[in-house]
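The values are calculated or read from the model by the stated rules, or taken from the named source; none is laboratory data. Everything quoted here is computed from the prediction, not taken from an experiment. Positions of Cβ are backbone-derived with ideal geometry, glycine not excepted, and every protein chain shown enters the neighbour counts.
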Amino acid sequence: MNPGFLSDLLWPRLCEACDGPVDRPDRMICSHCLMRLPVIGQTGCCRICGRAIAGQREEFLCDDCRGRHAPAFDRACSALEFDGTARRMILDFKFNRHIWTVPDFVDLLEAAAMARFDIPAVDAVLPVPATFLRRLVRGYNQCDFLAEGLAKRIGRRFEPSALRRRNSPLRQGGLNEEERRENIVGTFKAVRPELLRGRTLLVVDDIMTTGSTLSECAKTLKAAGADRVWCVTLARSIRT
Ligand SMILES: [Zn+2]
Ligand SMILES: [Zn+2]
């Protein structure tokens, strides 16, 4: 007998989104709710930041990526819009330790990354690091779970220790675009440049808002010698 079948009988898994029974093995979102997630299509996006414009079908270059604040990463994409049920599930994962949704989230990250990147060219998968203090208070860095899961799934090396993050003067949440850009400068440090030199890196974050955190991360990785930096996030927030 399938051991999963027995444990489902004893402790039925309830869907993270609707609290109904989950009909998918080893997952925590039922197929009904999965179909209703606000998945971002990976065609008709800006070829650098991955932002989509309704009605656009071909790849384009958005005004931000053309302007003086063009991001330091080469390409980025996100799996979901940060909205509704997806937003609630991601916030529970991030702040309330709902880590059982990681396999579902890795499915979504994998689909987005496969659509946008040449996966065999990736040398290592890196999480956006958390500060020592944040990790201590929260007990974990949610991006580690996502990056490690994605690295395993696509068969690439997981590299959580190449970058370090120091405290920014302020938290990024609640700042406007300009303030976010200034607040994040100098936050990351490449502590293992030998792991980065000449490499194609895939950086994983939970939520992308203006892209300034990922851009600063990419700037640090490139200064340490990384060849290409691609970024994938679980969700993309509407700009403030
Ligand atoms: Zn459900
Ligand atoms: Zn763009």
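Can you find, within the range 93-123, the residue that is nearest to L202 (Cα to Cα) among those that are among the basic types (K, R) and touching a Gly at 6+ places or on another chain (Cβ under 8 Å)? Write out each step before concluding.
Keep residues of the range 93-123 that are among the basic types (K, R), which gives 94, 97, 116.
Checking the rest, the ones that are also touching a Gly at 6+ places or on another chain (Cβ under 8 Å) come to 97, 116.
Values: R97: 24, R116: 11 Å.
Top of the filtered list is R116.
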* Asked: Which ones in the range 133-145 are outside any helix (DSSP H, G or I) and under 16 Å from the mean Cα position of the chain (by Cα)?
  -> Y140, N141
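Only one residue in P160, P127, P193 is more than 20 Å from T101 (Cα to Cα) and within 16 Å of the chain's Cα centre (by Cα), so which one is that?
On the way: P127 fails: more than 20 Å from T101 (Cα to Cα); P193 fails: within 16 Å of the chain's Cα centre (by Cα).
Only one candidate qualifies: P160.
Does F93 satisfy the condition of being within 16 Å of ligand 2 (Cβ to nearest atom), crowded, with 18+ Cβ neighbours inside 10 Å, of a type in the set (F, W, Y) and under 15 Å from the mean Cα position of the chain (by Cα)?
Working: within 16 Å of ligand 2 (Cβ to nearest atom): no; crowded, with 18+ Cβ neighbours inside 10 Å: yes; of a type in the set (F, W, Y): yes; under 15 Å from the mean Cα position of the chain (by Cα): yes.
No; evaluated as a whole, the condition is false for this residue.
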* To do: Collect the residues in the range 223-240 that are touching a Lys or Arg at 6+ places or on another chain (Cβ under 9 Å) and at pLDDT 95 or above, keeping them in residue-number order.
  => A224, G225, A226, D227, R228, V229, W230, C231, V232, A235, R236
* If you scan the range 8-66, which residues turn out to be more than 16 Å from ligand 2 (Cβ to nearest atom), at pLDDT 90 or above and among the acidic types (D, E)? -> E16, D19, D23, D26
* Return only the number of the condition from (1) crowded, with 21+ Cβ neighbours inside 10 Å; (2) touching a Leu at 6+ places or on another chain (Cβ under 9 Å); (3) under 16 Å from P71 (Cα atoms) that A147 does not satisfy. => (3)
* **Single unsatisfied condition, S161 versus (1) outside any loop (DSSP other than H, G, I, E, B); (2) touching a Leu at 6+ places or on another chain (Cβ under 9 Å)** => (1)
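Anything in the range 39-83 that is within 16 Å of ligand 1 (Cβ to nearest atom) and either in contact with a Lys or Arg (Cβ under 9 Å, 6 or more places away or on another chain) or over 18 Å from R236 (Cα atoms) (or both)? List them, or say none. Spell out the reasoning first.
Of the range 39-83, the ones within 16 Å of ligand 1 (Cβ to nearest atom) are 39, 80.
L80 - this is the single residue of the range 39-83 that is within 16 Å of ligand 1 (Cβ to nearest atom) and either in contact with a Lys or Arg (Cβ under 9 Å, 6 or more places away or on another chain) or over 18 Å from R236 (Cα atoms) (or both).
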* Structure fact -> Across (1) touching a Cys at 6+ places or on another chain (Cβ under 8 Å); (2) not in a loop (DSSP other than H, G, I, E, B), E148 clears everything bar (1)
